[in-house]
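Enquirer: The following block contains the structure, expressed as structure tokens.
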Amino acid sequence: MQLLPLTLFLFSSYSLVQAGTAKVGESCNQGENRLQAGTYQFWSECDSQSFCGPQGKCVKKGCRKDDFPFGYGPDDRIPDKCPKGQFCPDEEDKCQELVPVDGDCQLNRDDQCEAPPNFKELADITGRGLNVNGSVCLNSKCMWANKTLGVDCTVENTAYIAYGVDGEFIDIVSRGDCHLGLYCDAATGLCITEKNLGDACTADKECESWNCMSSGVCGISEAIPHHFAIWVYIVVGIGIFGGMFGTLFALFFTHRKQRDEEREKRLQYWREQNAFHQNLLQMRETARASILSLPGNGNSARSTMYSRDGAFSDDAQAPILQNAAPKGSGLRHYLADDGSSEFDDSLMMQSGRQPNDGRF
Ligand SMILES: *[C@@H]1O[C@H](CO)[C@@H](O)[C@H](O)[C@H]1NC(C)=O
Ligand SMILES: *[C@@H]1O[C@H](CO)[C@@H](O)[C@H](O)[C@H]1NC(C)=O
């Protein structure tokens with residue numbers, strides 16, 4: 001559904017941009033030479049590498065006016081630009097001498113006109129295209145942009161078709177031959193001083209800043225880059241570093257909580273294991289006591305019991321000590337103290353103190 005209008009649009013803009021289709025040597029009609037509606041781009045029946053010659057045939061172009069001309073391939077030979085004191089017309093057939101005041105020139109081709117003697121004073125260096133080297137082409141005639149305040153001036157209004165977000169609109173460009181700092185008022189036909197910021201205006205050309213806002217007053221130049229206040233940089237900087245360190249601290253505290261939970265689990269395990277071992281010891285004591293209290297228990301039997309008891313004890317303690325040794329866990333202390341020690345002691349030892357460091 002959307003494809004058809006889009007294709008039509010592409011096709012129409014393509015044909016707008018393109019020159020004619022006739023190649024070098026093919027026939028053409030010079031009467032078809034014209035400026036395209038809306039864009040005022042020069043158009044002829046010949047393609048972009050040739051112009052329509054006087055014999056009604058397309059001929060290879062003899063010069064170019066643009067630094068980067070349209071319609072040439074990478075391997076195509078591009079004609080040269082014209083030397084100083086000459087110009088290349090829109091047809092781009094051959095270089096011509098500059099035109100004196102009141103001579104004929106082409107639309108917006110101020111560069112076709114001879115410069116005034118005081119060109120240094122009159123030349124527009126603002127980049128707005130008010131004139132070229134002090135001369136201007138208005139209504140197809142060359143003149144100098146030297147009209148002073150309150151003097152009769154020439155004005156030329158050209159309506160271009162422009163394209164914005166809301167579609168086509170007409171953009172009227174108004175040019176005059178007033179001195180720099182003045183503009184040619186179309187209603188009175190006189191040169192008037194350009195307006196300052198905040199003054200009422202009806203067109204961009206009236207403002208010194210070249211920007212008549214929709215509110216009808218002169219605004220600051222659109223060419224001035226936007227600058228942000230220092231506080232914006234500070235806020236953005238704080239935002240960036242705050243976000244970074246906020247994330248770091250949030251992760252740190254979340255993981256600390258997890259670590260604490262893990263430690264609590266291990267503590268629980270230790271408690272259970274110690275309680276279990278305590279039970280074993282008590283059982284052993286009980287068993288030994290009951291065996292010793294048996295009537296008719298000889299020395300030999302007792303020594304056997306003791307030696308076995310010692311072995312058993314070693315067996316029971318060795319693996320646990322080995323496991324606990326690297327950390328210096330509280331288990332060893334717990335055992336050495338024969339169960340009388342509080343669990344808090346083992347906690348303290350877990351937190352770095354070596355077991356049996358002489359204090360216990
Ligand atoms: C301006 O005109 C003068 C006088 O014709 C010429 O010498 C000078 O090169 C021109 N400057 C430019 C930038 O075209
Ligand atoms: C201003 O320019 C015109 C040509 O456009 C010229 O005839 C006239 O002498 C110039 N005036 C001054 C004061 O330079």
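Enquirer: Among (1) under 41 Å from the mean Cα position of the chain (by Cα); (2) closer than 24 Å to Leu35 by Cβ; (3) within 16 Å of ligand 2 (Cβ to nearest atom), there is one condition Leu182 misses while meeting the rest; what is its number?
Expert: (2)
Enquirer: Oh, and also: For the stretch 52-85, which residues satisfy the criterion of being under 44 Å from the mean Cα position of the chain (by Cα) and part of a strand (DSSP E or B)?
Expert: Correct list: Arg64, Lys81.
Enquirer: Hey, Lys147 hits all of (1) surrounded by 19 or more Cβ atoms within 10 Å (Cβ to Cβ); (2) within 40 Å of the chain's Cα centre (by Cα) but one; which does it fall short on?
Expert: Among (1) surrounded by 19 or more Cβ atoms within 10 Å (Cβ to Cβ); (2) within 40 Å of the chain's Cα centre (by Cα), Lys147 violates only (2).
Enquirer: Go over the candidates Gly127, Gly176, Gly134 one by one and state the one that is within 16 Å of ligand 2 (Cβ to nearest atom), on the phi > 0 side of the Ramachandran plot, among the small types (Gly, Ala, Ser) and under 44 Å from the mean Cα position of the chain (by Cα).
Expert: Gly134
Enquirer: Now, a different point. Just to be sure I understand the filter: pairs with C-beta atoms under 7 Å, separated by 6 or more residues or on different chains, first member in the stretch 145-171 and farther than 24 Å from Pro117 by Cα, second member hydroxyl-bearing (Ser, Thr, Tyr) and in a strand (DSSP E or B). Which pairs pass?
Expert: Asn157/Ser174; Asp171/Tyr160
Enquirer: A further question follows. Scanning for something farther than 28 Å from Asp80 by Cα, without any contact (Cβ under 8 Å) to a residue 40 or more places away in the chain, within 16 Å of ligand 1 (Cβ to nearest atom) and not hydroxyl-bearing (Ser, Thr, Tyr), does the stretch 172-190 turn up at least one residue?
Expert: Taking every residue of the stretch 172-190 in turn, none turns out to be farther than 28 Å from Asp80 by Cα, without any contact (Cβ under 8 Å) to a residue 40 or more places away in the chain, within 16 Å of ligand 1 (Cβ to nearest atom) and not hydroxyl-bearing (Ser, Thr, Tyr).
Enquirer: Here is a follow-up. Exactly one of these conditions fails for Arg175: (1) out of contact with any strand residue (DSSP E or B) (no Cβ under 6 Å at 6 or more places or on another chain); (2) charged (D, E, K, R); (3) not in a loop (DSSP other than H, G, I, E, B). Give me its number.
Expert: Here Arg175 meets the rest and fails (1).
Enquirer: Has the stretch 187-204 got at least one residue that is under 19 Å from Leu35 (Cβ atoms) and touching a Cys at 6+ places or on another chain (Cβ under 8 Å)?
Expert: So far as the stretch 187-204 goes, no, none of its residues is under 19 Å from Leu35 (Cβ atoms) and touching a Cys at 6+ places or on another chain (Cβ under 8 Å).
Every number in this text was worked out from the coordinates using simple rules, so none of it is lab data. Since the model is a prediction, treat every value here as computed from it, not as a measurement. Please note: Cβ atoms are built from the backbone with ideal geometry, for glycine as well, and neighbour counts cover all protein chains shown.
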